[in-house]
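Presented below is the structure to which this report refers.
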Amino acid sequence: MRSPEEELGELEARQLRRRLRRIDSPQGTHVTVEGREFLNFSSNDYLGLANDSRLKAAFIDGVERFGAGSGASRLVCGTMGPHAELEESIAAFKRSEAALTFSSGYATSVGTLSALMGKGDVIILDKLCHASLIDGARLSGATLRVFPHNDIGKLESHLQWAEKEVASANGRILVVTESVFSMDGDRAPLAEIVALKERHGAWLLLDEAHAFGVIGPQGSGLAAELGWDDGRIDLQMGTFSKAAGLSGGYLCARRAVTDLLINRARSFIYSTAPTPALAVAAMESIALISGEEGERRRERLWQSVRLVAEAIGVTAGSAILPIILGSNEATLEASEALKENGFLIPAIRYPTVPKGQARLRVTLSAAHQAEDVACLTEAVRPFLPGAPGE
Ligand SMILES: *Cc1c(COP(=O)(O)O)cnc(C)c1O
């Protein structure tokens, strides 16, 4: 029987072993690692809300009013006022009939896909969909088809095939994609995907994890930027763990769908309700994101995004900007050298991204100052493809 030590050794030999890095300060653009301060370009805290004083105050107020714990799962006696109010608040913000919250975005993906889809159904996913969506799709038992990233032609041929496949059993077809892709930072061609799925009688699940708070009117996401609510996009999910600065996931859909999920989504049913104070803080976060403060922060964020995107030669489509270097070794070396210089910029390697597409993944925050951004563009310049010495 192979030992865990052997398995770790193999990972080590292939330069794939990963380790935890401990941060000893609150989250922010400057963080402390092992006593040394770093300029942080690796967080998903896009609006700089994770350590915001208003969110902290809301959290503390939530604890004072509702206590520390939720006591039970949502269906037993864990549904408290703040959970219900948060669901109303996120549904209103996303202009959806209803919403259901989960303990994380991961739990949202896995619970939703495995509850709504099953044997005899077909799920069609973009090749670059997040692991939580792939895991949920696999768990569901539905037949899976994958289309090359953003390849509308291939999506259409899968849809044509799926229509015939499910016809006799009255099965469901679900297309799954993301507003903004986590490793490339590019966007899905949503208008074309919606037109296609409507033509073929399929549903669409859109994961707005990296768009929520960042894109669209009041930061409400890519779906809203195109003026669509759940009338056209059947299932919209997202997380409070990125721009919203907290944790927890949401699924917006018609009431019949969220009611069905309450009965069927195992990650919702068999897990203790999130602490009620988290729901209180999430409502405050939605208020901040959708208000003037959110507008100001998005302006600052997008200013930095445009500057950095231009410097590294990619499209400014989101707060995620990849610098693709190719090999695992070159990317690890670049990330290490940048760390020596005081920058936290993660090396993203196979298997998170395809072989030969290892990259530095730069993420920006509204809290980055102009000088932080200037330092960044200087620091990464030597590593850019085509730079002298490459
Ligand atoms: C981060 C992420 C998730 C998971 O959300 P958590 O709240 O961190 O569990 C799901 N989907 C996508 C696309 C993500 O980027």
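Listing for the model above:
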quantity: Unit charges at the beta carbon, dipole of segment 53-290: most positive-side option, Phe212, Leu116, Gln160; calculated: Leu116
quantity: GNM result for the chain, Cα springs below 10 Å: residue of Leu360, Leu125, Leu325 fluctuating most strongly; calculated: Leu325
quantity: Computed FRET value (nearest 0.05) for Leu260 with Asp61, which takes r as the C-beta separation and R₀ as 35 Å; calculated: 0.55
quantity: Segments 54-65, 215-226 sorted - mean Cβ within 10 Å per residue, highest first; calculated: 215-226, 54-65
quantity: Residues of type lysines that Lys154 reaches as a straight line, Cα spacing below 29 Å, ignoring anything fewer than 8 places off in the same chain; calculated: Lys119, Lys127, Lys164, Lys197, Lys355
quantity: Rounded Å value of the spacing that divides the Cα centres of segment 104-142 and segment 16-94; calculated: 25 Å
quantity: Mean Cβ count within 10 Å, highest first, over the residues of peptides 15-26, 166-177; calculated: 166-177, 15-26
quantity: Ranked packing of 70-78, 267-275, 154-162, most packed first, by mean Cβ within 10 Å; calculated: 267-275, 154-162, 70-78
quantity: Where Rh is the Kirkwood radius over Cα pairs, Rg/Rh for the chain; calculated: 0.97
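Computed from the coordinates by the stated procedures, all read-outs in this text should not be read as laboratory data. No experiment lies behind these values; they were computed from the predicted model shown. With ideal geometry, Cβ positions are generated from the backbone for all residues, glycine too; neighbour counts draw on all protein chains shown.
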